[in-house]
Amino acid sequence: MRIQLVKNITLALCLTLIASVAALADNKDKGPAAESAKAAEAFREIMDAPDKAIPRDVLDAAECIAVFPGAKKGAFIVGVQKGEGVVSCRTGSGWSAPVFLDMEGGSFGPQIGGQSTDYVLLFMNRKGADQLLKNKFELGGEASIAAGPVGRSAAASTDWKLNAEILSYSRSKGLFAGAALKGVKISVDDSDLRKVYGDGATAQGLLRDNKFEAPPEARAFPNTLAQFSAQATDKH
């Protein structure tokens, strides 16, 4: 009986992970421009929520902003999390052309089910923003991360101004809050960069050196950031 129970659990685990992978495949965007548009839409919806959005002073202090819309998370004992997103940084002429990112992570423990979550990462200083120039980095590993303040809570606390390199948020089933997003790996999607900007495109050239201009179809995300942070050209 015990052997049969183990077999049943293993079968259920495999079926769940297969379903999770299928869901992740279905979530694959039709192209980089679609990723930028989806990230812009998710960010706008979050910021339009009265008294529940990212506080303006926190947003204006960020060097870079990344959004992962509709990241998929599936689990049966072993959790699988994967998503695609975009990031833009402040430059002397406004928000940079977007860089395309991948998110992946896993967990182990009592968990079952699946959900779709929007994640927002604010890179609060140069050290945090430098992580984006790497091929891959781990949140809470190479980069320190903390749950970001929401709504009016920022007025009562200045903790976010101290040591956090990255502030993280999540929205799932309509609930938006600061998130303890640790152990997740973020990497640059080089294939999407080449599709949009050509073979010579790099995260450094886009986010820091401002050497590339985004085509109109990929401008949705930086254009939306500019609408919510008027100080985009005042940081440098």
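General remarks:
- Under-5 Å amide H pairs with V184, H placed in peptide plane, nonlocal only: L139
- Net charge contributed by nearby residues that have their C-beta within less than 15 Å of Y197 (K/R +1, D/E -1): -3
- Burial order of peptide ranges 202-209, 134-141, 117-124 (average beta-carbon count within 10 Å, highest first): 117-124, 202-209, 134-141
- Pairs from the table (K127/K185; K52/K211; K52/K82; K134/K173) lying more than 29 angstrom apart at Cα are K52/K211; K134/K173.
Read-outs: derived from the displayed coordinates by stated rules, not from any lab. Since the model is a prediction, treat every value here as computed from it, not as a measurement. All Cβ positions, even for glycine, are placed from backbone atoms using ideal geometry, and neighbour counts span all protein chains on display.
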